[in-house]
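Visitor: Sharing a structure, written as structure tokens. Questions coming.
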Amino acid sequence: MNRNELLKPLLPSTAPLVITQLVSGYEKDIDIVKGVSLELQPRTFSCILGANGCGKTTFLKTLLGILPARRGKVHCNNTDILSLNESQRAKYLAYIPQAHRPPFPFTVSDVVRMGRTPHLSTLSRETVQDREISEACLDQVGLLKLAQVPYTLLSGGQQQLVIIARALAQQASFLIMDEPISSLDYGNQYRVLDEIAKLCELGLGVLMVTHDPAHCFHAADQVIIMEDGFFISAASPQEAMTSQSLSALYHLPVSVQRIKVPENRIQSVCIPLTRYS
């Protein structure tokens, strides 16, 4: 089996992840996520953009089953995602957190092979194919040569690429990410973004929460604007992120400009118009 076959989602399909009128929260009778609906498509990089406290992380926790939904549905391929147990859900959704600090100095290979756990029964051991998939995932993010290096010795950017490889090893249909590059330096942010974008070519759908409009302009196919527990819009970056929409979202004068960059490409940039600009 070639590498691309090993990296494909276990349940490949053209079916979207359909979220319908999802409601959730923490305190009794206080809804944080207020009836949101969305379709996430395979092979599509979607970003959620919103101010602090608007419900982005609460929405992800509900989608992942960490927080119970009060109302609403999440379906993929006629499967009720919210009714699945953790191992079953892991075949549809893989989670990439902001940062990962293991309590023990596992090797890079060990960390990635943890992504195969949902595919193992209680008494089963990993197979040759499990190891091949893990190696293919490390190779995909360019870190196969570091397989036997302790994970704790890697740079922040390398560690996040390892976590992406671990999520890829799950062979889930969708990758769910909560600000996965917020702690990285400028260069590593965009290196990791590019690696995430490449995964869409394998057939995966990607949903990423970010605070930075530049990340959306750089990598996203779809941007979901979230405000006060609602999805205000879901469209292409150019349609969703205008001077008017971003100014209203952040309560700050913002100008979105389109500039020409090398190779005659046009790039959108977001400029805050404070009194110090």
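The values are calculated or read from the model by the stated rules, or taken from the named source; none is laboratory data. Computed from a predicted model, the values in this text were never measured in an experiment. In this analysis, Cβ positions are derived from the backbone assuming ideal geometry, glycine residues included, and neighbour counts consider all displayed protein chains.
Visitor: With the requirement that a residue be touching a strand residue (DSSP E or B) at 6+ places or on another chain (Cβ under 6 Å) and among the hydrophobic types (A, V, I, L, M, F, W, C), what does the range 80-99 give you?
Guide: Those that are touching a strand residue (DSSP E or B) at 6+ places or on another chain (Cβ under 6 Å) and among the hydrophobic types (A, V, I, L, M, F, W, C): I81, L82, L93, A94, I96.
Visitor: Taking interchain pairs and intrachain pairs at least six residues apart, which have beta carbon atoms under 6 angstrom, with the first residue in the range 206-227 and under 13 Å from Q267 (Cβ atoms) and the second of a type outside the set (A, V, I, L, M) and at pLDDT below 95?
Guide: Note: pairs meeting the criteria are P213/C270; F217/S268.
Visitor: Taking the range 29-59 on its own, how many of its residues are farther than 25 Å from T242 by Cβ and among the hydrophobic types (A, V, I, L, M, F, W, C)?
Guide: Residues in the range 29-59 being farther than 25 Å from T242 by Cβ and among the hydrophobic types (A, V, I, L, M, F, W, C): 2 in total.
Visitor: Hey, another quick one. If a residue counts only when it is of a type in the set (V, I, T), at pLDDT 95 or above and within 18 Å of the chain's Cα centre (by Cα), which helices (runs of 4 or more DSSP H) contained entirely in the range 36-154 have at least 1 such residues? Step through it out loud before you land on a result.
Guide: Working: elements: 56-63, 86-89, 108-113, 128-140.
Once the helices (runs of 4 or more DSSP H) in the range 36-154 are filtered for at least 1 residues that are of a type in the set (V, I, T), at pLDDT 95 or above and within 18 Å of the chain's Cα centre (by Cα), what remains is 56-63.
Visitor: If you scan the range 155-172, which residues turn out to be among the small types (G, A, S) and either touching a Pro at 6+ places or on another chain (Cβ under 7 Å) or in a helix (DSSP H, G or I) (or both)? Full working, then the answer.
Guide: Residues of the range 155-172 among the small types (G, A, S): 155-157, 165, 167, 169, 172.
Within the range 155-172, G156, G157, A165, A167, A169, A172 qualify.
Visitor: Can you confirm whether the range 198-205 contains a residue that is closer than 28 Å to L17 by Cβ and either touching a Gly at 6+ places or on another chain (Cβ under 8 Å) or outside the structural domain of H218 (by TED's automatic domain parsing) (or both)?
Guide: For the range 198-205, residues closer than 28 Å to L17 by Cβ and either touching a Gly at 6+ places or on another chain (Cβ under 8 Å) or outside the structural domain of H218 (by TED's automatic domain parsing) (or both): absent.
Visitor: Restricting the first residue to the range 29-42 and requiring it to be among the charged types (D, E, K, R), which pairs with a second residue that is in a strand (DSSP E or B) meet a Cβ separation below 8 Å and a spacing of at least six or different chains?
Guide: Sorted first by the residue in the range 29-42, then by its partner, the pairs are D31/V23; D31/S24; K34/V23; K34/F230; E39/L17; E39/V18; E39/I19.
Visitor: What is the number of the single condition among (1) outside the structural domain of P16 (by TED's automatic domain parsing); (2) in contact with a Gly (Cβ under 9 Å, 6 or more places away or on another chain) that T274 does not meet?
Guide: T274 satisfies every listed condition except (2).
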